[in-house]
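Every number in this text was worked out from the coordinates using simple rules, so none of it is lab data. Predicted, not measured: the structure shown is a model, and the values here were computed from it. Note: ideal-geometry Cβ built from the backbone for every residue, glycine included; neighbour counts use all protein chains shown.
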Amino acid sequence: MLSAFVNSLKIPDLRTRIFYTFWMIFLCRILAAIPAPGVNRGALSEWFNRRADGGIASMFNMFTGGALEQFAVAALGIMPYISASIILQLATAVVPTLQKLQREGEVGKQKITQYTRYLTLLLCLVQSYLLMNAFSNPQALGLSEAIFQNTLGTRFLIVITMTTAAMLLVWMGEQISDKGVGNGVSLIITISIISQLPQAIRTMWSMFTTKVNFPGWDSGPRGILKYLVDLLLQNGDQPAVWSPFHLIALLLFFFIVTAGTVMLTMGVRKVPVTHAKRVVGRKVYGGQNTHFPLRVNYAGVMPIIFAQALLMFPQPFFQNVLYKKFQWQWAADVGSYFGMETKTYMLVYIAMLLFFTFFWVATQFNPIQIADQLKKDGGYIPGIRPGKSTADFLDRTMTRLTTAGAICLTFLAILPMILNSKFNIPFVVAQFFGGTSLLIIVGVMLDTMRQIESHLLNRHYDGFLRKGKGTGTQRKRKSKS
């Protein structure tokens, strides 16, 4: 694998693409560090330090790479573009005009991309205004001083600055996709999440740097075993002292969860497909056996994004709107059930994850269209009649795969919440043990490695997992001989 990284720098075109990607990512991180005009960063840091508990603000700050904590010009991140893309992708399944554009090939794709940019601009304006309003009242936030001057000029300047920075991030993402390596928008989100890793490592280091006295060392193996059992039976309470045993268990658990995430991301069911022979003139087409891959986690990270986006609203709506305006006690009680640490939130979250997983597959996977396309191409699944029988088989198989994938995805999504609420592991550390963060990082990195590997294999170098036809040095030796 290390030789593949070295070989990727030997190919001029691939080397240029890699350096261009790094340069664009560097510019994105600069945007996340430049504060918006007129912002009091001290007051903002004070508010974030009090709310580093895995709430909505911490989760949004994670996706922006810490830009929200700085109230930077890129505080919106790339999320408005992601939201616009999801909205249009779902609308394509139900709006006939968008369906027609999707069938028009490259021209229709460019038109949908243009609509996505317009919708992104609208969402940026709305979200920047709402974000500014949320931080405009220091008394409501429990701060002694304002985060920024609440004047019309300052408001206008902040909205325009954040909208411009968000659209600039969209442009950078498209440039990375065109001239760099990997999907630009996905890479920007991934780098934003990874930028929180140093803070997670510092927090984790502080957990284990306290001097530890190990009871039981003097009483032999029985005392040590009793100490380990006591550690495991703490009923979710934070240990008085984090010991090296906790660190080893945590690191081992991280590798297991990461391996499971890779398996969930790459897991496919290969449905065999046989193409019948066709004779056109003197040429014979078809007659080969291939397979049609059905992904276990077909919905990817979309169900988690949908569920988290919807569950952001109930608590602020009931407590900050209904209770504060009408003084309805029942509204405050209902809002308290939707805190991220409550069992109600977790149960609703699990139900929404399962629902959106099947919803996404139902809107994006069309077994009838796939069966018709196989029939037109002269292909069929062995033992299954073409047409409706093939569509029913694909639908039944995909439903079973989606059920297994939804269960694994749900467990992975709630894992950081369990670690944070039951074991008191700080959210900045727990977020890397599953959920959206780990799924995005694993999925994007695997996709980027596949693209780099395709460049290597096309030039006969060894890839990360597969072997090429020979390295550049071997080809030079053969040409000299």
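Qualifying trypsin sites (Lys or Arg not before Pro) in segment 1-110, where qualification requires a DSSP coil assignment and no more than 16 other C-beta atoms within 10 Å, comprise Lys10, Arg51, Arg103.
Legend: ranking of residues Cys28, Cys408 from fewest to most surrounding C-beta atoms inside 10 Å; resulting order Cys408, Cys28. Sorting Arg155, Arg117 by the number of Cβ atoms found within 10 Å of their own Cβ, with the fewest placed first, yields Arg117, Arg155.
Close amide H partners of Arg269, meaning residues 5 or more places away or on another chain with modelled amide H under 5 Å apart, are Leu294, Arg295, Val296. The simple spin-label model puts a point 7 Å past each Cα toward its Cβ; for Phe245 and Lys100 those points are separated by 6.9 nm. For Phe148, nonlocal amide neighbours, meaning residues 5 or more places apart or on other chains whose placed amide H falls under 5 Å from its own, are Asn40. Please list, by residue number, every one of the chymotrypsin sites (Phe, Trp or Tyr not before Pro) in segment 321-400 that is coil in DSSP and has at most 10 other beta-carbon atoms within 10 Å. When the chymotrypsin sites (Phe, Trp or Tyr not before Pro) of segment 321-400 are filtered for loop state and at most 10 Cβ neighbours within 10 Å, nothing remains. With each label modelled as a point 7 angstrom along the Cα→C-beta vector, the Ala57-Leu446 pair spans 3.6 nm. Net charge near Pro293, counting Lys/Arg +1 and Asp/Glu -1 over other residues with Cβ under 12 Å of its Cβ? The answer is +3. Placing pseudo-labels 7 Å out from each Cα toward the beta carbon at Trp47 and Phe326 gives an inter-label distance of 2.7 nm.
The convex hull built on the alpha-carbon positions of segment 1-195 has an orientation-averaged projected area of 13.9 nm².
Our estimate of slack between Gln288 and Thr16, defined as 0.36 nm per intervening residue step minus the Cα-Cα distance, is 94.1 nm. Reducing segment 112-172 and segment 370-444 to their Cα centroids gives an inter-centroid distance of 35 Å.
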